[in-house]
Structure formats: structure tokens, C-alpha cells
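A short worksheet on the structure shown next.
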Amino acid sequence: MTRRICRRIFRRIFRSVGGALLALAASSAVAQTYPVKPIKLIVPFPPGGATDIVGRLMAQKLSDGLGQQVFVENRAGAAGVIGAEAAAKSPADGYTIFFGTTGTLSSAPALQRNLAYDPIKSFAPISILTNAPVVVVVNSAVPAKSLRELIDLAKSQPGKLTYGSAGVGHFLHVAGEAFKAAAGVDLFHVPYKGAGPAMIDLVGGRIDVMIDTIVPYTPHVQSGKLRALAVAHSRRLSRLPDLPTAAEAGLPGYEFSAWFGLLAPAGTSNEIVRRLNSEVLKAMATQEVLDTLAKLGLEPSGSSPDQYSALIVAEGAKWSRLVKTAGIKLE
């Protein structure tokens with residue numbers, strides 16, 4: 001090998017290594033100064049639902065930890081898809097983060113083939129936040145006092161009883177359709193632009209049934225305006241120990257839970273993702289957050305970015321199988 005060829009090879013190696021070092025230095029500098037301005041947290045549903053409650057709690061704690069305001073922007077519509085699309089298209093600079101849900105990252109992709117985002121490729125997972133089993137809740141005017149009575153009532157009046165969801169393709173829509181398939185009943189689906197508006201109509205008696213996380217319904221259950229019939233989980237909720245599981249109530253195998261988590265747009269630097277993850281885990285360990293989640297009936301579930309990524313992949317496959325097996329289609 002001639003000296004000229006050797007010099008060329010060394011120059012290429014130097015440029016490659018030098019470029020990598022410069023990129024690493026720039027990335028580290030960004031991470032050290034981040035954040036220098038307020039951060040937007042996109043919550044893809046209206047105020048009032050579980051996502052908004054938990055989203056605002058995390059925004060407050062992250063503001064304290066990061067030293068910059070983290071403010072919530074509610075981008076509702078299309079069962080959370082509009083907010084997810086907005087987050088996926090945002091600059092990957094750490095100043096927009098996304099409140100991901102089972103609906104936006106699992107059930108919607110399983111039902112909708114032409115989404116403008118990919119649940120795996122479009123986001124950089126930060127951390128799982130919580131896990132929440134769903135409960136079957138009815139308006140107090142519905143005569144059913146148990147899950148078995150609700151199933152019998154629905155069978156006697158096919159298509160008459162209504163159930164609400166946070167939109168077509170939302171997690172709650174799939175949970176409702178899966179309930180219909182498991183119980184062998186026909187309920188009429190009424191989609192809303194979020195769980196909050198649906199709950200208002202449930203309390204007002206304009207719809208009959210909701211299958212949702214217990215978070216915003218607890219006060220209405222305690223007041224007697226709503227009646228919880230069963231939890232779709234393998235064990236009872238500590239907050240509602242007298243509420244039977246679906247299996248105990250006569251519907252074995254019907255288990256659903258919703259998980260919430262934070263993500264950044266794909267391409268966000270690993271340093272920024274790790275900084276955000278660190279602050280999330282600190283927040284999740286505070287007694288204030290633990291107490292608040294316990295009161296809401298939510299299970300804290302902080303994680304690493306890799307663990308959250310693995311969950312999204314696994315849940316995506318699970319929901320695709322569920323939708324196909326149950327024959328669930330968009331209306």
C-alpha cells in the first residue's frame with residue numbers, strides 16, 4: 001500500500017471520527033442546557049377524562065423537576081389520532097412531548113391502516129406512567145344490578161341499550177366491541193370526541209353503559225348516579241374491594257387495562273429522552289403522585305424507554321389479534 005493511499009485512508013477515518021465526536025459534543029451540549037424554554041405536552045383528548053387528569057399532574061411535576069413550564073395542550077378528535085399525528089409531526093427537539101395511551105398506540109393502529117403515524121417508528125418512548133384496569137359502569141336508571149343482569153337485559157332487548165366510547169377506533173370502542181363478542185350481546189355504539197363528554201352523557205342518562213377506567217367515575221359511583229358492575233381484571237381493585245372481577249361476575253376471560261405513558265417525536269436525542277425519563281421516574285416516586293394515583297384507582301408503572309418500547313410492540317400485536325378475532329371493524 002502506497003503512502004498516498006494510506007494518507008487518504010487516514011483522512012477518511014479522521015473525518016468520520018471527527019464528525020462523530022462533533023455530533024456527540026453537540027448532543028451533549030444540548031442535553032446539558034435542555035430545557036431553555038417551556039415544553040408542550042400534547043394530551044390527545046378533551047379535559048375531564050383520565051388522560052387529562054394524569055397529564056396535568058405529570059406536567060406540574062415535570063415543570064418542578066426541569067425548571068421550565070410544561071403546559072398541556074388538549075388536541076382532541078378522532079379517538080386521539082389527531083393529537084398523536086400532531087405529536088409525531090412535531091420537531092424532535094424535546095420541546096413537544098406526547099401523552100400516549102393504549103388507544104392511540106394499540107387499538108387505533110390495529111383498526112386503522114392509513115394512519116399518518118406509526119406507533120413504533122414515529123415516537124421515542126420516554127416512560128410508562130400508569131396502568132388502569134377498566135370497569136363496566138351503567139347509569140343508575142339501568143335496572144341491571146350485576147354484570148349477569150346487564151347481559152341478560154341486553155339479550156332481551158337487542159340493540160336497545162347504548163354504550164359510549166371516546167371515539168371510533170378508541171381503546172374504549174374496542175373494549176366495548178370485545179365485551180359484546182364475549183357476552184354475546186348487541187349494544188348500540190355511541191362515539192364521542194373523548195371520554196369526558198361520554199361520561200357526562202352517562203351520568204345524565206343519555207347513554208346506558210361505559211367500559212372505561214374507573215378514574216373519573218368514582219365520585220359518581222359513590223354518589224349513586226352510576227353503578228359499577230365489574231372490573232375487567234384478574235383481581236379486584238383495592239379502591240373498590242367489593243367490586244367483582246368480570247370472571248367472578250360470570251364473564252371469564254374478559255380482561256382489559258389501559259396504560260398511559262410519555263413519548264417524544266422520533267429522532268429526539270437519547271440524552272434528552274434520558275433526561276425526561278429521569279425526571280418522570282423522580283416524579284413517579286413522590287408521595288404526592290403515588291397518593292394521587294391511588295385515589296384515582298391507577299397503578300404507578302414507571303419504566304425505562306426500552307421497556308416502554310417493548311410494551312408498545314407487544315400490545316400492538318395483541319390488539320391486532322384481538323381486532324381480527326372479534327371481527328371488529330370501523331363503523
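In 5 Å bins starting at 0, how do the alpha-carbon pair distances of the stretch 196-279 split up by percent?
3, 12, 18, 16, 13, 10, 8, 10, 7, 2
Of 150, 311, 105, which has the largest mean-square fluctuation in a 10 Å C-alpha GNM of the chain?
Fluctuation is largest for 311.
Output the Cα-based Rg and Dmax of the stretch 105-157 in Å, rounding Rg to one decimal and Dmax to a whole number.
18.4, 48
Arranged by the count of other C-beta atoms within 10 angstrom, fewest first, what order do 289, 135 take?
289, 135
In Å, what Kirkwood hydrodynamic radius results for the stretch 133-231 from the alpha-carbon pair distances?
Details: mean 1/r = 0.0771 Å⁻¹.
Hydrodynamic radius (Kirkwood, Cα only) of the stretch 133-231 equals 13.0 Å.
Return the subset of 193/329; 160/180; 145/193; 61/295; 225/295 for which the Cα-Cα distance in this structure is over 22 Å, preserving the input order.
Details: 193/329 18 Å; 160/180 13 Å; 145/193 29 Å; 61/295 17 Å; 225/295 19 Å.
Pairs exceeding the cut-off: 145/193.
Note down the nm distance, to one decimal, between modelled labels 7 Å out along Cα→Cβ at residue 270 and at residue 155.
My value for the distance between the label points is 5.6 nm.
How long is the gain from residue 321 to residue 189 if the chain were fully straight, where each residue apart is worth 0.36 nm and the alpha carbon distance is subtracted?
45.4 nm
Normalised by the residues of the stretch 133-231, what does the relative contact order come to in percent, with Cα pairs under 8 Å and at least six apart? It would help to have the intermediate numbers written out before the result.
On the way: 170 pairs, mean separation 46.3, N = 99.
Dividing the mean separation by the residue count of the stretch 133-231 yields 47 percent.
Once you have a ≥ b ≥ c as the square roots of the Cα gyration tensor eigenvalues for the stretch 27-139, tell me rounded if a/c is under 1.5, and otherwise prolate or oblate according to whether a/b is larger than b/c.
Values: a/c = 2.15, a/b = 1.39, b/c = 1.55.
Judged from the Cα gyration tensor, the stretch 27-139 comes out oblate (a/c at least 1.5, b/c at or above a/b).
So what is the relative contact order of the chain, in percent, for Cα pairs below 8 Å that sit 6 or more residues apart?
Reported as a whole number, the value is 25 percent.
Rounded, prolate or oblate: which fits the stretch 28-80, taking a ≥ b ≥ c as square roots of the Cα gyration tensor eigenvalues, rounded meaning a/c under 1.5, else prolate when a/b beats b/c? If you can, show how the numbers build up before the last one.
Working: a/c = 3.45, a/b = 2.07, b/c = 1.66.
Taking the square roots of the gyration eigenvalues as a ≥ b ≥ c, the stretch 28-80 is prolate.
What is the calculated FRET efficiency for residue 281 to residue 236, with r their C-beta to C-beta distance and R₀ = 22 Å, to the nearest 0.05?
So the FRET efficiency works out to roughly 0.20.
Just the ratio, please: alpha-carbon radius of gyration of the chain over 2.2 N^0.38 Å, N its number of residues.
That ratio works out to 1.14.
Taking residue 89 as the anchor, which aspartates and glutamates have their alpha carbon closer than 12 Å to its alpha carbon, excluding any fewer than eight residues away along the same chain?
118
Helix check for the chain. Which DSSP H runs span at least 20 Å along their own axis by Cα, with a mean Kyte-Doolittle hydropathy no less than -1.0?
The answer, listed by residue number, is 3-33, 50-66, 270-284, 305-326.
Computed from the coordinates by the stated procedures, all read-outs in this text should not be read as laboratory data. All figures in this text were calculated on a predicted structure; none of them were measured in a lab. All Cβ positions, even for glycine, are placed from backbone atoms using ideal geometry, and neighbour counts span all protein chains on display.
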